[in-house]
Amino acid sequence: MYEFPFELDDFQKDACNFINQGKSVVVCAPTGAGKTVIAQHAINRALEEGTRVFYTTPLKALSNQKFYDFGEKYGSEKVGLLTGDTSINRGAQIVVMTTEVFRNMLYGTNFGAVADNMKDVKYVVLDEVHYMNDEQRGTVWEESIIYCPTNVQIIALSATVANAQELTDWINTVHSKTELVDTDFRPVPLKFFYFDSSQPDKLLPLLTPSGALNNKIKPEKRFFGHNRKKQRSYVKDVVRNLEENDMLPAIYFTFSRKKCDEQMEKCAGLELVTPGEKAQIRQFIEDYIAENPHLYNNKHIEYLLCGVASHHAGLLPSWKCLVEKLFQKGLIKVVFATETLAAGINMPARSTVISSTSKRTDSGHRMLTASEFLQMSGRAGRRGMDEVGYVTIVGTPFQSPEEVAELVLSSANPLESRFSPSYSMVLNLLQRFSLDEAKELILKSFGYFSSGSRLKPLLKQIELNDKEIKERMFICPSKLCDSELFEYDKLRHIYVQNRQTYKSICKQERNKNRPLSPEVVQFGKETKAMLEKLHQYPCDTCKLYKKHSKNIEVLGRLESRQKKLEKEIERQRDIFWNKFLAHRSVLIDFGYLQDDYPTSRGVTTSQIRSENELYIAEIIFSGVLDNLTPSQLAGVICAITTEDLRIEIPYIPFSEPIRKTLNLIRNIKRKIEKVQNRYLVESPMYINPYFSSMIELWVEGAEWEAICDQIDVGEGDIVRSFKRVVDVLRQFTTIENVPEALVFTAREAIEKIQREPVDLD
């Protein structure tokens, strides 16, 4: 067996032993604890056995990093990479890929079977499996686990979560024997500090030795109106404090790309590197730009020479790679980054700075979750280099020191299921299984498995309701059943009403000195007979009658409430299956399913991977794309794959054929929306031509600088948008029933899009 050149920690030994026993394993440990060692153990075993291992990550950037790391460690001939738009040595023993790529592989396989693309695969590493919590992408991890062949061992690596045992039990149920290795061990302990703007010359310990909030920390003042604009930035003071206290290098987390760049610029005057380090940086940049000439004259170069940089999705991938390499070499002292950097990219730091404990989302500002905070703070402290890691929280007017202390002391959040059926899932399942068999698979989701905990409030209500029902159960002394009492109650109610009516009529007639009519006399006799009938019931003389009657009334309400609660529980337990059926109904209406089996159009749609596969399929089958040029096709696809932007950007005109095609697609979109609304299906469809003119020009041969000059938006955003187009166009060339002319145009468009810097990761 392969031996590591260092002593393993206890949790690493336990996990490796479980793998040796042929078991799957869930490893839950803090960031930086050394979970990757366990994955390496599986890789070493695969190499020794002559089997294969798939290593999955949530991000392309992380996949690229692992690919290069493993290539250096094991040899490039043994390592492959699959990220959707990149395919390198896919038959290698070690294949790194995004989790989406792995899920898509499994979709092309009969459930529980091993397809050709998974031949000889013994281990699958699911890195950062806590991404199951991600609202948009979380379902990918659940599907990957459900569909993974049971003869494949799963190594699930996760940051600390509250319900690790529940996750393990679920994998044990739907896949194979699985063990949990859960530890709070951190090889490098953390110390927490607070930056108080009223004391900018120092960093204050956040907590006292007893774990209480440091009472020297004061809340930040709020600024309103014009004063808000004059509010001073203290980023330079924070960095200077870190430097003076030997707490560099640092990752400075902020939640805005714009602020990342702004804060970097504010640190321009700081000289954080020595003359020797500056010379090294300059030389490294020159060598790197020689290989990546499109980075020449990048406006951020001057900041690198000061030892500071920004890192976010708005930057070119190749530039981010440069920043990462310089940081890893210890030449960049402070990186201003968005939280994406906390997702596992190898940029070890002595310190992390968290600019705020709240962040803006699509639904407004919210506090960071405990898990988000742990992910970011966990990047502090380099194993083997630092004895302590430092975490500094910057005070803001929108958070109290008490809230910060509470967040620091909080435990991690539990994983929640984001499982959500899609059109592709429905079609793929019904292509291979009956409706009943498909239901069994849907009910394998973590969401259904964990529904017990999710439904605890409702179950508690049922329990309390049931308790009250039992307490109100009444034993009649006369041994009458509830139906007999109900009969008596009903008769008594009618009698009381009739008696009042009879008395009222009699009074009226007396006042008018008139005799009673025969009808009234008869009504009086019937009322009297009703009274005599009442006297025959034991209830008429029973002292407990009122209590019994009241109980029946209350019990009726309680039983009605019980039925509603049970119905709601049933609805929530079946929520995933009901969503599946809703998507199925939409597909039936569009003719993609017949007798619960995919039609030829359905088969095509099952091979599409997008947020709304039906939308893409309808566009293909409508013929609106057939006569477009490569640049026009790219422009149209760009519009339907670009999400809504948070920022306002100017309208840039594009060609008339693109405009006409998008108008036709709007009709398709409205048609689908109408049917989706009927069945309460929520599946996004975009028509956002923000970058359509840019990719049109790019395909026609325009220079990158000319493209970027058109609009004030991050180059990384443009690249990412173009790569989405490539991903969809590539699918056009592989799925069935796409017109040959469209396939040819798609290939030509891909070839013209894939040039520097778009083709660089």
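No lab work stands behind these numbers, since they all come straight from the coordinates. From a predicted model like this one, the values you see are computed outputs, not experimental measurements. Cβ: placed from backbone, ideal geometry, glycine included. Neighbour counts: every protein chain shown.
Taking amide H as placed 1.01 Å from N in the peptide plane, the amide H of Lys191 sits under 5 Å from that of Gly389, Tyr390, Val391, each at least 5 places away or on another chain.
Computed from the C-beta positions of Leu435 and Leu464 and an R0 of 35 Å, the FRET efficiency is 0.40 to the nearest 0.05.
Straight Cα distances below 18 angstrom link Lys533 to the lysines Lys490, Lys525, with same-chain residues fewer than 8 positions distant left out. Summed over qualifying helices (DSSP H, 4 residues or more, each -39500 (n - 2.57)) and divided by its residue number, the chain shows a 222 nm mean residue ellipticity of -15500 deg cm²/dmol. Please report the antiparallel percentage of DSSP beta bridges with both residues in the chain, rounded to the nearest 5. Expressed as a percentage, antiparallel bridges in the chain total about 20. Comparing Leu409, Ala749, Tyr288 along the charge dipole axis of the chain, the residue lying farthest to the positive side is Leu409, per the Cβ-charge model. Within the same chain, lysines fewer than 8 places from Lys66 are excluded, and of the rest, those with a Cα less than 26 Å from its Cα are Lys13, Lys23, Lys35, Lys78, Lys119, Lys122, Lys320, Lys325, Lys329, Lys333, Lys723. Inter-part distance, the range 18-60 to the range 389-427, computed on C-alpha centroids, equals 26 Å. Around the amide H of Arg52, modelled in the peptide plane, lie the amide H atoms of Val121, Lys122, Tyr123, all under 5 Å away and 5 or more residues distant in sequence or on another chain.
For trypsin sites (Lys or Arg not before Pro), no site in the range 237-298 is both called loop by DSSP and has at most 11 other Cβ atoms within 10 Å.
Excluding same-chain neighbours fewer than eight residues apart, the aspartates and glutamates reachable from Lys567 by a Cα-Cα span under 14 Å are Glu559. Within the range 1-97, report the trypsin sites (Lys or Arg not before Pro) that DSSP leaves as loop and that have at most 15 other Cβ atoms within 10 Å. When the trypsin sites (Lys or Arg not before Pro) of the range 1-97 are filtered for loop state and at most 15 Cβ neighbours within 10 Å, Arg90 remain.
The chymotrypsin sites (Phe, Trp or Tyr not before Pro) of the range 127-211 meeting both criteria, a DSSP state outside H, G, I, E and B (loop) and at most 15 other C-beta atoms within 10 angstrom of the site's C-beta, are Phe185.
Taking amide H as placed 1.01 Å from N in the peptide plane, Lys444 has no amide H partner under 5 Å among residues 5 or more places away or on another chain.
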